[in-house]
1. Using the structure shown, decide if Ile139 is out of contact with any helix residue (DSSP H, G or I) (no Cβ under 8 Å at 6 or more places or on another chain), modelled with pLDDT under 80 and within 28 Å of Asn5 (Cβ to Cβ).
2. Farther than 18 Å from Thr126 by Cβ, without any contact (Cβ under 8 Å) to a residue 40 or more places away in the chain, of a type in the set (S, T, N, Q) and touching a helix residue (DSSP H, G or I) at 6+ places or on another chain (Cβ under 8 Å): does that describe Ser27?
3. Quick check: anything in the stretch 118-126 modelled with pLDDT of 70 or more and charged (D, E, K, R)?
4. Do you know which of the residues in the stretch 25-45 that are within 21 Å of Ile130 (Cα to Cα) and over 15 Å from the mean Cα position of the chain (by Cα) is modelled with the lowest pLDDT?
5. Going through the stretch 1-24 one residue at a time, which ones are under 30 Å from Pro117 (Cβ atoms) and without any contact (Cβ under 8 Å) to a residue 60 or more places away in the chain?
6. Report the residue count in the stretch 34-83 for those that are out of contact with any helix residue (DSSP H, G or I) (no Cβ under 8 Å at 6 or more places or on another chain), closer than 13 Å to Gln18 by Cβ and hydrophobic (A, V, I, L, M, F, W, C).
7. Just to verify a result, which residue in the stretch 54-83, among those that are basic (Lys, Arg) and closer than 30 Å to Thr126 by Cα, is nearest to the chain's Cα centre (by Cα)?
Amino acid sequence: MADSNEMTINLVVLGKTQTGKSAAGNSLLGSSDFESHLCPSSVTTCCSLGRSGRILGLMRRNGCESALRVRVVDTPSYPHSTLSKEQVRDMVRAALAQHFGEEGLHLALLVLRADLPLCPDESNDTVQLIQGINHHSLIFQLQLTADYRENTGKNKGAKASNTSENCLGEEEKNY
């Protein structure tokens with residue numbers, strides 16, 4: 001059991017092929033635990049766990065300094081170029097059962113590319129995966145990555161496209 005002055009964030013990273021899931025996981029951990037490179041097919045073929053060290057001085061609880069630990073599970077894309085949807089779903093379920101116990105805050109991070117329009121049918125695949133995982137206390141969070149922002153022709157502070165805003169609005173209604 002963890003120290004009462006320590007908080008753990010358990011994060012599973014989900015998304016389609018070439019959305020930057022592994023890169024997002026590496027950024028969150030401040031490491032290069034997950035293989036990440038540009039490839040026309042899926043790079044990640046199995047779930048893997050990355051962990052941060054204890055991050056001190058970030059927050060306080062009950063008047064005492066608390067440490068933060070971050071655990072990230074990188075997952076294969078959904079849908080995957082060589083694995084079936086059922087294989088990916090079962091692999092993600094098994095990884096969550098193995099790596100995420102009762103301890104900590106459990107988050108699902110859906111990573112989308114900022115330079116591609118959102119198609120409701122395509123984004124629903126990954127949302128259905130998240131719903132089908134059935135892991136206790138899993139909280140859904142939607143993040144648009146800026147990995148491909150330069151391809152959108154918009155600068156860093158530019159407002160998200162209407163399709164991105166529509167998707168965010170639709171997902172808020174669902175949760």
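1. When the stated conditions are applied, Ile139 passes them.
2. In short, no.
3. For the stretch 118-126, residues modelled with pLDDT of 70 or more and charged (D, E, K, R): present.
4. Of everything passing the filter in the stretch 25-45, Ser42 is modelled with the lowest pLDDT.
5. Once the filter is applied, which keeps residues that are under 30 Å from Pro117 (Cβ atoms) and without any contact (Cβ under 8 Å) to a residue 60 or more places away in the chain, the stretch 1-24 yields only Ser22.
6. The number of residues fulfilling the criteria is 2.
7. Here the residue is Arg71.
The values are calculated or read from the model by the stated rules, or taken from the named source; none is laboratory data. The model shown is predicted, which means the values in this text are computed figures rather than measured ones. Don't worry about glycine lacking a Cβ; one is built from the backbone with ideal geometry, like all the others, and counts go over all protein chains shown.
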